[in-house]
Amino acid sequence: MKRIFALLLCFLMIFAVVSCSKDENEEENGGDKGITTSQKSSVSFYVNYKSVKIELGADAKAVISALGTAKSSLSMGNCGGLGTLTKYVYDSLEIYVLASGSTETVDQITLLDDAVQTPEKVSVGSAKDAVISACGNGYSKMTDTSITYTSGSKNLKFTLRDGTVTGIDYLTVS
Amino acid sequence: MKKRILITLAAILVICLLLAFLQTLVIPKYADDKTKEGSLVSEYYAEAGGHDVLFVGDCEIYESFVPAVLWEKYGISSYVRGSPQQLVWQSYYLLEEMLEYETPNAVVFNVFSLKYGEPQSEPYNRMTLDGMRWSSSKIDAINASMTDEESFIEYVFPILRFHSRITQLTSQDFKYAFGSPKVSHSGYLMQTGVDPQTDFSKGRTELDYEISDNAWKYLDMMRALCEENGIELILVKAPTNTMKYWWHDEYEEQISEYAEENRLSYYNFIPLAGEIGIDWSTDTYDKGAHLNVYGAEKLTEYFGRILSEDFGIEDRRTDASLSEAWDVRLESYYKERNG
Amino acid sequence: MDKLLAILNELHEDVDFTAETALIDDGILDSLDIVSIVTEVYSEFDVRIPPEEIVPENFNSAQALWELISRLDEA
Amino acid sequence: MLFTSYEFLAFLAIVLALYYILPKKTQWAVLLAASYAFYALSGIEYLAFIAVTTITSFAAARLMGRVSDGEKRYLEGRGEELSKEEKKAYKAKKKKRRFLILCLALALNFGILAVLKYTAFAVVNVNSLLHTFGAETTLTVPSLILPLGISFYTFQTMGYLIDVYWAKAEAQKNIFKLALFTSFFPQLIQGPISRFSDLAPQLFGEHKFERKNVTYGLQRILWGYFKKLVIADRVLIAVNAAAESPENFGGVYVFLLIILYSVQIYADFTGGIDITIGIAEAMGIRLAENFNRPFSSRSTKEYWNRWHITMGSWFNDYVFNPVSVCRPMLAISKKSRKWFGKKVGKRIPVYLATVITWFLTGLWHGAGWNFIVWGLLNALVIIVSQELEPLYSRFRKRFPRLCASWGYGAFASIRTFLLMGLIRSLDVYRNVPLTFKMWGSIFTKFNLPELLSGGISALGLGLADYIIIVCGCIIMFAVSSLGKERSVRDRLYNRPVLSWCLCGALFVAVILFGAYSVGYDASQFIYNQF
C-alpha cells in the first residue's frame, strides 16, 4: 500500500520538474545569420508621416492614397509573373509596396532625412548611442556598420558610418 | 473470388489513368507570355549533348546570353540552363545532371543568386524543379529547395499540389495537355519589347549583405565538380542593375575576393555596359531589370570574344553535324527575332 | 410496492406502470423523472439509490424498481 | 500530426500492415507502440503527461481493486457471524476508503488538465479583476503547452476509474494494456470518448484479417476525408473571413456565417470521427458512434442525444447523475420541496444539476468565456423547453394531425438547427459581447441585397467553391438519409463494380476538390486545440 503511494509521489515530482523546466528553455534559437538572441524587442515597426501611419505589412492601397501623390513611382514585375514591386518616393521617405495576387502590402520603408523620426524619436544623423538608449539593447544584430532589431519577419535596420546613423530601413524578410 | 480481384485491379487501373489524365490537365503549362519561364528547364533534353559552354543561373542568365549569336559569330556551341530565381543549389544540381549527358569546356554561372541562402519561394521552386527529369540530382535538388509548406510527395505527384487549378482551367490547359510549346532558343528567352530604364538610383537597402555559408557551400561544390571534370568555371554578373535587383558593393567585394582566392575568372558586366555598347533606352524590355534581345546580342558578342580568345573555346563551325543542327536553330531564332 | 406506484403515477397519470416494461427504452421516463423518483424514494423509503444503479435495467419497469429498492434496503 | 497530412497516411498504412502481419497475440502491443509513436511524433514533450495519467490511474484502480477484494474475502470468511448493521458499517468503511483513493486520482488528473488548460485563462481574469479594483500588480500570464488530446484521454481514463469504483469494470492488471486504452491513437485528437467495458475487450482481443472489416473501414475513412477536405476545409475559408473582420460582415453575413459554420463543424467533426471509426473498424475494433443524423432532431434535448453522443453520455453518467443524487442535492431537494411546494421543488435539483453539467461541458470545450456562455445557453434552452413541455403536449393534443405532418417536423428541425447554430457561433467570434452584438446586427442591419450583389465573393470563395460546397452537402445529406434503414456500405458490399465506381469517384473528388496543400492551407481539426 505505502509502496504504491510512494510511486505516485515520485511521479508527481518528475511531472513537476518536467513541466516547469519547460518555461526556461522556451527561447527561440537564432537563424543562421548570426542573430544571437531574439527577445521581444520593444521597438515598433511603423512611422508617422504627414499624419499617416505607415506600418510594415499594412494594406498599401489605403496608405498610398492617404499620402496623396508621390514625387515619383516606379514599378517592376518579378520574373515568371509572380507579383510586382513598386517604389513610391516622397520628400523624406520611400515606400516599397509588394503586390502579389489581390493583396498589396507595405514591404519596406526607407527614411531619407531627419525630417521623419521613428516612434522612438531616432532619425537619420542621430548618434549610435542615441539609438541604443532609445531602442534598448534588444537588438538582434550589431556590427560596426549596422544595428538591427527584429520581431518575427519585421526588422528595423539602422545603417551606420563612423558612429552616426546614415540610413533607417523598416524591412520585411519572410 | 477471382472475379472480385479482377474488378479491383481494373478499378485501380482506371482510377490511376483518370488521375494521370487529370494531372496533365491541372499542371501549369507555362505557355502564356507572363509565365513561359516555367518551361525553360525541360527544353534542355531535346538539345542535350554537343555543347562546349553551358550557362546556369537565374533570370539574369537566360535573358542575357544568346547561344545563336555565340555560334554565328564564334562557332561556339552553347546552352543556357536558366530558370526564374534559380538558387545556387538548383544551379549545382542542374549542372550535375547535365554532366550525365555531356562534358563542356566551360560553365558560366551568374552570381546574383548567391544572396539567397535559404529556400525562398514555392512557385519558383516548382518552375525550376518540375521541368527536370527524375534523377538523383532532381531528388537532391528538391530536398535542398523545399520550403516548410512543401512536401516531397507533391513533387512525385504534382496533382496533389496543382489540383486546386481544376476550377481555373483555360483553353491552354487542354491544348497543351500533352506538351507545352517551345519558348526558348537553346535556353535563351527572347524578349523583343523595349521599355527604357529611367531610374538609376541605388537599390533598396537589404537586411544583411553577408552571403550565407549554405550559398558558399554549393558554390564550392560547383567549383569542385568543374575541377573534377576539367571544366573552366566562369563567374559572371549581368550588366543589369535596378531598384529591384541591385548588386550591392558588399556582394561584389565578397565575390571578387572568392574568385581571387580560388583563381576563378569573374566578369562583372555592370561597369562594362558602356564598353559593350548597351544603351539603356533601347536594350531593355522592363526598365532595366533585364536585357531585351538587342542588349543580349551585344553582351553575347562581347562575351563570345572573351570565350574564344581568353578561354580558347574552339570554333566548331567546320563540324558538319553541329552546323547543320545550329542552322535549324538559327532559322527559328531569326524567325522570332524579325518575325 | 403500492407506495412506489403512487409516486410513479403522480409523475405520469396517463401511464399504466403495472404493465409497462420499457419505461426508459421507450423514452417515457426522462432524466427529470428519474431524479424525481430517486428523491421521492429517498424521502419515502429512506433508501439512497447511488448513481451507478441509475441504469435502464433498474428503471424499465415498476417491478424492477421495486426489486432495486428492496435489494438496497437490506444490503 | 494531423489526420490530413501525408505523414499520417503513411503512418496509418504501416500500422495497418504490421497489425495484420505480426502474430495475433502481439496485435495490442502493435497498437500501443503505434499510439505512443503517434503521440511522440506530435510532440515528444507531451509523453510525460499521458504517462503520468496512465500510471496514476493504473495505481489507483489497482488499489481500489485490492480494497474491494479484501472486503469480499473478509465478508465470505466471517460473513455469518456479523449482524446486518456490522456488515453495513464494514462495507461503508471500505467504500469510503475506495472513495478516498478515487478522489485522490481524480484530483491529480483533473488537476493536471486544469493547470495546463485553464491557468492562463484564470490569470487573465484575475488580472482584469485586479484592474477593476485599481490594483497595479498584473500577474504574468504563463504560456503552458497543452498536450495533444489531453481533454479526451483524461476524461476517458477518469471514466474508467469511476467505473472501477462503481464496480462496473475490473481493474486492469497490465499497465501496458491500460496505456493502450488511454492512448489509442485514432481517438486521441477528437474522441469518441469510449467506455472501458466496451473498448478494452476489443483492444486486447485478437482480430483475424477480414475483408469486410477492412473494406468497410477504408470506405469510411475515405468518406471522412471527403467531408473533411472537400467540404469542411473549403467552408472554413469563408467562416474565418467572416469571423475575423466582423465589422464589415455584419447583418445577413452573421446569418450566413451561422449556417456555414454549422455545415463546416458538422463536416469537420463527423468527418474526423468517420476517419477514427474507420481506422478502428479496419482493425476489427468497433468504436461508439458519436453522431446520429443530428440535424434531423426536432428538439434541443434530442439534438444532444445525436451530436457528440459519447461526450453527452459521459457527462450524463459521470456528472449529471452523481450530482443530482448526491447527498447535498437530496438535502436541497427536500428543503426546496418544503419552501416551494412539491411541483416547483421537484424541478430545482434537476435544473441545478443541468446547469452544473453544462457549465462543465462548456468549460471542457475551451478555456474562454465563449465556451462557458455556450454551455450555460445550452442549459437555459434545455430548461426552458422542459418548462414548456406541458404547453407542447397540450398543443400536440389539440392539433394531432398537424404535428404528425411532415411540414411541422421540418419546421422543428430547422428551428433546432438554427437555434443550435446561433449558440454555436459563440465559438467563432473573439469574445462574448461581440457575439451578442453580431446576433443583434442580424435583425438591425439585414443587408441581403449587398450579400447577393457580390458581397458573397468577398469571403474568399469563388463561385466554383460554392458549387462544390452545395454538391458536397447534397451528397452528405443523401448518404445520411439513404443510410437510415440500411447502411450504404451494406448495400454496396456485394456489388463490387458499383462500390468501386462510387469509391473511385469519391477518391478522385478528394484528390481534385480537396482544400489541401499550398493552394489552400489545410486547416487543423477544430478540436486540435484540445
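Nothing in this text is a laboratory measurement; each read-out follows from the coordinates by a stated rule. Please read all numbers here as calculations on a predicted model, not as lab measurements. Every residue, glycine as well, gets a Cβ built from its backbone with ideal geometry; the counts of neighbours run over all protein chains shown.
Among the trypsin sites (Lys or Arg not before Pro) within region A:51-137, those in coil by DSSP and having at most 13 neighbouring Cβ atoms inside 10 Å are A:Lys71, A:Lys121. Note on D:Tyr74 and D:Thr26: with the Förster distance fixed at 41 Å, the Cβ-Cβ geometry gives a FRET efficiency of about 0.55. Averaged over the residues of peptide B:155-164, the number of Cβ atoms from other protein chains lying within 10 Å of each residue's Cβ is 4.
Measuring between their Cα centroids, region D:258-330 and region B:38-55 lie 61 Å from each other. Among the residues of A:102-110, the average count of other protein chain beta-carbon atoms within 10 Å of the residue beta-carbon is 1.
In a simple Cβ point-charge model (Lys, Arg +1; Asp, Glu -1; nothing else charged), region C:2-74 has a dipole of about 200 debye relative to its Cα centre.
Just B:Ser39, B:Ser91, B:Ser135 to compare: in a GNM of chain B, with alpha carbon springs under 10 Å, which one fluctuates most? Looking only at B:Ser39, B:Ser91, B:Ser135, the largest GNM fluctuation is found for B:Ser135. Legend: residue pairs C:Lys3/D:Lys346; A:Lys121/B:Lys202; D:Lys95/D:Lys334; A:Lys71/B:Lys244; B:Lys36/B:Lys175, Cα-Cα distance threshold 22 Å; pairs beyond threshold, A:Lys121/B:Lys202; D:Lys95/D:Lys334.
If the cut-off is 24 Å between C-alpha atoms, which lysines fall inside it for D:Lys227, apart from same-chain ones fewer than 8 positions away? Cross-link targets: D:Lys212, D:Lys484. Counting neighbouring Cβ atoms within 10 Å and putting the fewest first, the residues A:Ser65, A:Ser140, B:Ser323 line up as A:Ser65, B:Ser323, A:Ser140. Within the listed set C:Ile28, C:Ile37, C:Ile49, the residue fluctuating most in the Gaussian network model of chain C (springs between alpha-carbon atoms under 10 angstrom) is C:Ile28. Rounded to the nearest whole Hz, the Karplus-based 3J(HN,Hα) values (6.51 cos²θ - 1.76 cosθ + 1.60, θ = phi - 60°) of region B:196-212 follow the sequence x, 8, 10, 9, 10, 6, 4, x, 6, 5, 10, 5, 8, 8, 6, 5, 7, with x at glycine and proline. The residue list B:Ser321, D:Gln156, D:Leu47 was ranked by how far each Cα lies along the charge dipole of the protein assembly as shown toward its positive end, using unit charges on Cβ atoms, and D:Gln156 comes out on top. Taking other Cβ atoms within 10 Å as a rough exposure proxy, B:Glu47, B:Glu257 sort from fewest to most as B:Glu257, B:Glu47. When each of D:Phe477, D:Phe121, A:Phe158 is scored by the number of other beta-carbon atoms lying within 10 Å, the sequence from fewest to most is D:Phe477, D:Phe121, A:Phe158.
Is region D:299-429 rounded, prolate or oblate when judged by the Cα gyration tensor, a ≥ b ≥ c being the square roots of its eigenvalues, rounded requiring a/c under 1.5 and prolate requiring a/b larger than b/c? It is oblate, given that a/c is not under 1.5 and a/b is not larger than b/c. Per-residue mean of foreign Cβ neighbours for D:313-326 is 4 (Cβ atoms of other chains, 10 Å radius). Counting only DSSP H runs of at least 4 residues, each contributing -39500 (n - 2.57), and dividing by the residue count of the protein assembly as shown, the helix-based mean residue ellipticity at 222 nm comes to -17500 deg cm²/dmol.
With the convex hull of the Cα atoms taken as the outline of region C:2-74, the averaged projected area works out to 4.3 nm².
Shape class for the protein assembly as shown: prolate, because the ratio a/c of the largest to smallest gyration tensor axis (alpha-carbon atoms, square roots of eigenvalues) is 1.5 or more and a/b beats b/c. Dipole size of the protein assembly as shown about its Cα centre, with +1 on Lys/Arg Cβ and -1 on Asp/Glu Cβ: approximately 7200 debye, rounded to the nearest 20.
With all pairs of different C-alpha atoms in the average, the Kirkwood value for the hydrodynamic radius of region D:388-430 is 12.1 Å. Determine the shape class of region D:6-209: with a ≥ b ≥ c the square roots of the Cα gyration tensor eigenvalues, call it rounded for a/c under 1.5, and otherwise prolate if a/b is greater than b/c, oblate otherwise. The shape class here is oblate.
Take the Cβ atoms of D:Cys501 and B:Ser265, set R0 to 41 Å, and the FRET efficiency comes out at 0.05.
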